[in-house]
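These notes concern the structure reproduced below.
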Amino acid sequence: MLALVLVSILWAVAPVRAQPQCALSLILAIDVSSSVDDRDYRLQMDGLAEAFRDPQIREAITRVGGIQVTAYEWSGRRQQVEIAPWTFLAGDASVLALADRLQAHPRGHTAFPTALGYALGHAASLFRSAPLDCTRKVIDVSGDGVNNEGFSPELAYANFPFEGVQVNGLVIAGARPDPVVFYQEHVLYGPGAFLEIADGFADFEAAMKRKLLREIIGGALSGIPDQRRAALVRQSVQDWP
């Protein structure tokens, strides 16, 4: 009996194991609506994978102490398909494994419209299942068109848990109506939210590299005055080959 009591006391006072340091919870929302053909889809997923394989991205993830990432494809109202579950990236092995998974993902849907409000609502709900409590929460939504089904992004922001969340956009330019203007006016959300523009799907990889770098290192520079931080981010982006 005494031994059991001692074990109970030791268990009660044992230190709780701390979670890994985590600078960023990042959700990647990838457009697979009907306007994205097979070639475009391949350029998009290959580009996303290559962005994570880039040495500067891997170095940035290591420098901030690690990030957790999940990814899903979206199109119609209920067509959200997981690409990768929440994964903590802390070094090259985990980052490269995620890149392989992204590149190998078989497309789930091909014939549905662009339900951006539903995609954003789904993203907000994913933070509830995140295993780590990270410093920042960011949704990285990419697409080549405007919302044409279901409720608007504004209604998503009003009715889903977006407190403390930043929503950034990556627009593949060229369609009509202009998705660049739509993302600027209706999709970007939260302090510091920004938009990257790809000049067609062939430019997706370069735009995603710029975007990921800004998202990862932005938090690492949070203690630096705004003007200096912006200058450092711009310089890092300009350093891409």
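The values are calculated or read from the model by the stated rules, or taken from the named source; none is laboratory data. As the structure is a computational prediction, the values presented were derived from the model and not from experiment. Neighbour counts run over all protein chains shown; Cβ positions are idealised from the backbone, glycine included. SASA here: full protein model, heavy atoms, side chains in, ligands and nucleic acids out. Shrake-Rupley method; radii C 1.70, N 1.55, O 1.52, S 1.80 Å.
The table that follows gives values for the structure above.
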item: Selected residue (only one of A119, A115, A123 is crowded, with 21+ Cβ neighbours inside 10 Å, modelled with pLDDT of 95 or more, among the aliphatic types (A, V, I, L, M) and in contact with a Gly (Cβ under 7 Å, 6 or more places away or on another chain)); result: A115
item: Qualifying positions in the stretch 37-66 - open to solvent by 50 Å² or more (accessible area, probe 1.4 Å) and outside any helix (DSSP H, G or I); result: D37
item: Test: residue in the stretch 141-150 that is without any contact (Cβ under 8 Å) to a residue 24 or more places away in the chain and over 23 Å from I217 (Cβ atoms); result: no
item: Criterion violated by P179 - all others in (1) at pLDDT below 95; (2) open to solvent by 20 Å² or more (accessible area, probe 1.4 Å); (3) of a type outside the set (S, T, Y); (4) farther than 17 Å from E73 by Cβ satisfied; result: (2)
item: Tally, over the stretch 67-100, of residues that are exposed (fewer than 15 other Cβ atoms within 10 Å of the Cβ) and of a type outside the set (A, V, I, L, M, F, W, C); result: 6
